[in-house]
Structure formats: structure tokens, C-alpha cells
1. As an exercise: evaluate LEU6 against (1) more than 13 Å from the chain's Cα centre (by Cα); (2) touching a residue at least 60 places away in the same chain (Cβ under 8 Å) and give the number of the one condition it does not meet.
2. Right, ALA23: touching a helix residue (DSSP H, G or I) at 6+ places or on another chain (Cβ under 7 Å), free of Cβ contacts under 8 Å to residues at least 60 places away in the same chain and farther than 20 Å from VAL85 by Cα or not?
3. Out of VAL37, VAL17, VAL28, which single residue is closer than 15 Å to SER78 by Cα and either loosely packed, with under 13 Cβ neighbours inside 10 Å or modelled with pLDDT of 95 or more (or both)?
4. May I ask you to list the residues in segment 40-64 that are surrounded by fewer than 18 Cβ atoms within 10 Å (Cβ to Cβ) and more than 19 Å from CYS84 (Cβ to Cβ)?
5. Residue check: is ILE44 β-branched (Val, Ile, Thr) and out of contact with any Pro (no Cβ under 9 Å at 6 or more places or on another chain)?
Amino acid sequence: MASPPLNMVKLNFDGSVARSGQASAGFVIRDHSGNPVAAGSRCIGSSSIPVAEGTALKDGLLAALRHNLKSVSLEGDSSLIIKCVNLSVKSHDS
């Protein structure tokens with residue numbers, strides 16, 4: 001997990017689903033030195049992995065807003081969620 005550039009923070013997010021179907025979502029936001037700025041996790045009940053991953057990202061982005069963090073780099077292991085974010089950013093840049 002590489003640190004973000006100076007004047008940025010990195011939001012790492014992850015979701016998981018147990019064999020029972022119960023899901024959890026979590027995130028950590030770190031500054032350029034790797035120090036935690038904010039973190040959180042929660043159980044979200046019965047869910048799928050994409051929903052758990054998306055919930056973790058949403059929770060992390062909301063925490064970034066609450067902390068008035070504007071330059072946020074994202075890192076997660078869900079290719080589906082990352083593709084959705086990248087498509088959304090590209091459509092807003094157009």
C-alpha cells in the first residue's frame with residue numbers, strides 16, 4: 001500500500017461477505033506520510049460482495065467529505081467498483 005503524493009490522501013476500502021451471507025464494509029484514509037486521518041467499519045447485514053465493496057467506498061468518501069478532504073486517491077480490490085468509478089470520472093471530465 002503506497003502512500004499518496006503530498007497534498008493528497010488515499011482512501012483504501014474493502015468489503016467482505018462471510019459464508020453466512022453477512023457482509024461488512026470498511027475503509028481507512030491516510031495522509032502522504034501514511035498516518036491515518038479517518039477509518040471506519042460496519043456490518044451491513046446480508047449482502048453481496050459488490051454491495052459491500054460499494055458501501056465501503058461510499059462510507060470512505062463520506063468520511064473524506066466530513067473531514068473536508070478534496071484530493072482523494074482511491075484504492076480497492078474490486079475491479080467492478082474501480083471500473084464504475086473510472087467511468088464516472090471520465091463522463092464528468094467530458
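The values are calculated or read from the model by the stated rules, or taken from the named source; none is laboratory data. Remember, predicted model here, so these are calculated numbers, not experimental data. Quick reminder, even Gly has a Cβ in these numbers, built from the backbone with ideal geometry, and neighbours come from all protein chains shown.
1. (2) is the only condition that LEU6 fails.
2. Working: touching a helix residue (DSSP H, G or I) at 6+ places or on another chain (Cβ under 7 Å): yes; free of Cβ contacts under 8 Å to residues at least 60 places away in the same chain: yes; farther than 20 Å from VAL85 by Cα: yes.
Taking the combined requirement at face value, the residue satisfies it.
3. Numbers: VAL37 fails: closer than 15 Å to SER78 by Cα; VAL28 fails: closer than 15 Å to SER78 by Cα.
Criteria check complete, one pass: VAL17.
4. Scanning segment 40-64 gives GLY40, SER41, ARG42, CYS43, GLY45, SER46.
5. Details: β-branched (Val, Ile, Thr): yes; out of contact with any Pro (no Cβ under 9 Å at 6 or more places or on another chain): yes.
For ILE44, the condition - β-branched (Val, Ile, Thr) and out of contact with any Pro (no Cβ under 9 Å at 6 or more places or on another chain) - is met.
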